[in-house]
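Down below is the structure, laid out as C-alpha cells.
The values are calculated or read from the model by the stated rules, or taken from the named source; none is laboratory data. Just so you know, these numbers come straight off a predicted model, no measurement behind them. Every residue, glycine as well, gets a Cβ built from its backbone with ideal geometry; the counts of neighbours run over all protein chains shown.
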Amino acid sequence: MHQLEKVLLLPDTMQTVGIIGLGYVGLPTAIGFHDAGFTVWGVDISQRTVDMVKRGENPTGDPDVDDIIPAPGAENWHITTSTAEAVPHCDVVLVTVPTPVTDDLKPDLTYVASAGRAVFESIPKGSNTIVVLESTVYPGVTAQTWLPIIDELGLEIGKDLEIAYCPERFNPGDPAHGVRQVARVIGCSNQEVGAKLVDLYSKLTTEDVRYVGKLEVAEAAKVIENVQRDINIALVNELARIFPALDVDVEDVLSAAATKWNFHRYTPGVGVGGHCIPVDPYYMIQRAADVGVPAELITAARAVNRSMPNHVSGVISDLLWKAGVSSDDARVLLLGWSYKAEVGDPRETPAEPLAEALMEKGIKVSAWDPHLDGGFSEGVEVITDIDQASGHDIAILVTAHKACVDLDWNGLCERMRNSVIYDGRRVLDLEALKLQGWTTHAVGRPSN
Ligand code: SAJ
C-alpha cells in the first residue's frame with residue numbers, strides 16, 4: 001500500500017467542492033463536505049430533486065439525511081441543474097451518478113460518460129480542476145470513458161484538469177456506515193493529486209483514507225468488495241438448497257460453523273437485490289471477458305443468487321399443494337418488497353421475480369411494504385394496511401423490515417384462509433409462531 005510520507009495541505013483555494021448527482025450517495029456527500037466547512041455546488045439533472053433539496057427536503061427517501069439538509073438560503077450551499085454554472089466555481093468535482101446494468105446484464109456507463117462530458121466542457125482552461133469519479137465501475141472504465149472525451153475537447157491533463165477515482169462505500173439505511181464513517185481509497189496516476197485528495201476526503205470521514213496508486217487499483221477494490229459478498233451469499237443460498245434435502249436445517253449448520261474463529265457468516269434468503277451486490281459482479285465479469293479470462297466462480301455465484309426467487313416459488317407451490325389449495329385459487333401475501341430491511345428501495349428486489357413466478361402459476365399475489373409507496377410489479381395487489389390483509393393461504397417474509405418481523409402475527413393468523421408462514425430471511429421465531437397456530441416453513445429448513 002502506498003503510504004505517503006507527507007500529505008500536502010490543501011491550498012486555501014481548494015475550498016469549493018462540486019457534486020454531480022444528488023442521489024443516495026451524492027446528497028449525503030454534499031451535506032458532509034458542507035458540514036466540514038467547504039463551499040458546495042450540488043448538481044442534479046432532476047428539477048424535482050433540485051427543487052426539493054433547495055427547500056431543505058430529502059428527495060432520496062433515505063431517512064438518514066432527513067434532518068441535515070441545509071436550510072433554504074444556507075451560506076456556501078448552491079444547488080442547481082446546471083453543471084456549466086457549478087463547475088467553474090469548483091476546485092474539485094465529484095461525480096456520483098448511477099452505474100446500472102442493461103437488460104442483458106452489461107455495464108451501462110452512459111451516465112458516467114454524459115456527466116463527465118458536462119463537467120469537462122465547463123472546466124476553465126488552465127484551472128487544473130480535479131475530477132473524481134465515485135460511481136462503481138470496473139477497472140479501466142474511468143480512463144476508457146473519460147480520456148477520449150478529454151482529448152476530443154482539447155483539454156490537457158495536468159494543466160486543465162486531473163482525473164481520479166474514489167469509490168463510494170455508502171450503505172443505505174445504515175447510519176453507522178454513512179459517508180462520514182467509512183474508509184476510502186483513492187486511485188490517481190498523479191501521486192501529488194492523490195495526496196491532495198487524501199487530505200480532502202479526510203475532512204469528510206473519520207475513518208482511514210489512503211492513496212492506493214493508479215486508478216485501476218481503486219476501481220478494482222470497490223468491485224471485488226461486492227463480488228466477494230455476492231459469492232459468500234451464493235454459498236449459503238446453495239447450502240440452503242442442499243441441506244433440507246439431507247433433512248438438516250442450514251441455519252443449524254451455519255450456527256455450528258460460525259463457532260470457528262474465521263468463519264464469516266451470511267444468511268440465505270429469497271434472493272439478492274439492490275443496486276450494488278447483484279450488479280457489480282457483472283462489471284468484473286465484463287472486464288474479465290474483455291481480456292479473455294473466464295470469471296467462472298463470479299458467474300456461477302450470480303446464477304445461484306438469481307435462481308433463489310424461482311426456487312422459493314417452487315417450494316411455495318409444493319406447500320400450497322400440500323395444503324390442498326390449487327394454484328388458480330391460491331392467494332399469497334408478500335411481507336416486504338424492498339431489496340433490504342429498513343430501506344425503501346425496490347431496485348433489483350427478489351420480490352419482483354418471486355411475485356412474477358407465482359403469478360405465472362396462476363397464484364394471486366398481494367404485497368405489503370411500509371417503506372414503499374410504489375415500485376411493485378404489475379398485477380400485484382398492494383396492501384397499505386396489514387391489519388386489513390385477509391383470506392391468504394401463505395405469507396412469505398421477503399424483507400426483514402422491523403415492521404414485518406414485529407407485526408401482529410396473532411391477528412394475521414386469524415385472518416388467513418390457511419395460516420402458513422414461509423420465512424424467506426430466517427429472522428422469525430418459528431417456534432413462537434407455531435404456538436400461535438401458524439404452520440411454519442423457512443428457506444433452508446426441511447419442509448416436513
Ligand atoms: N443478503 C442476503 N444474505 C446476506 C446479506 C445480504 O441474502 O447475508 C441480501 C440482502 O437481503 C439484499 C442483498 O443481499 O437483498 C444486498 O444486501 P447488502 O446487505 O449487501 O446491502 P447493499 O446492497 O445495500 O450493499 C451495501 C454495499 N455497500 C456499498 O456498495 C458501498 C455493500 O458493499 C455493503 O457490504 C453492504 O451495503 C452492507 O454491508 O450492508
Discussion item. I'm trying to understand the selection: among the residues of the range 332-350, which are among the β-branched types (Val, Ile, Thr) and near the ligand (Cβ under 9 Å from one of its atoms)?
Written reply: Val343, Thr349
Worksheet entry | Residues of the range 232-286 that turn out to be within 9 Å of the ligand (Cβ to nearest atom), among the small types (Gly, Ala, Ser) and touching a Phe, Trp or Tyr at 6+ places or on another chain (Cβ under 9 Å), as a count | 3
Discussion item. Just to check your reading of the model, which residue among Gly314, Gly292 is assigned by TED's automatic domain parsing to the domain that holds Leu428, closer than 23 Å to Ile421 by Cα, modelled with pLDDT of 95 or more and more than 14 Å from the ligand (Cβ to nearest atom)?
Written reply: Gly314
Practice prompt. Have a look at Tyr266, Tyr282, Tyr211 and point out the one that is closer than 30 Å to Lys196 by Cα and of a type in the set (Ser, Thr, Tyr).
Written response: Tyr211
Fill in: Within the range 171-191, considering residues that are within 13 Å of the ligand (Cβ to nearest atom) and of a type in the set (S, T, N, Q), the one surrounded by the fewest Cβ atoms within 10 Å (Cβ to Cβ)
Gln181
Worksheet item: Got at least one residue in the range 406-413 being under 21 Å from the mean Cα position of the chain (by Cα) and among the aromatic types (Phe, Trp, Tyr)?
Response: no
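For every residue, the table says whether it meets (1) surrounded by 15 or more Cβ atoms within 10 Å (Cβ to Cβ); (2) within 16 Å of the ligand (Cβ to nearest atom).
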site	(1), (2)
Val119	yes, no
Gly126	no, no
Thr129	yes, no
Ala143	yes, no
Leu147	no, no
Asp160	yes, no
Glu168	yes, yes
Item to complete: Select from the range 335-382 the residues that are in a strand (DSSP E or B) and touching a helix residue (DSSP H, G or I) at 6+ places or on another chain (Cβ under 6 Å) and write down the one among them that is surrounded by the most Cβ atoms within 10 Å (Cβ to Cβ).
Response: Leu335
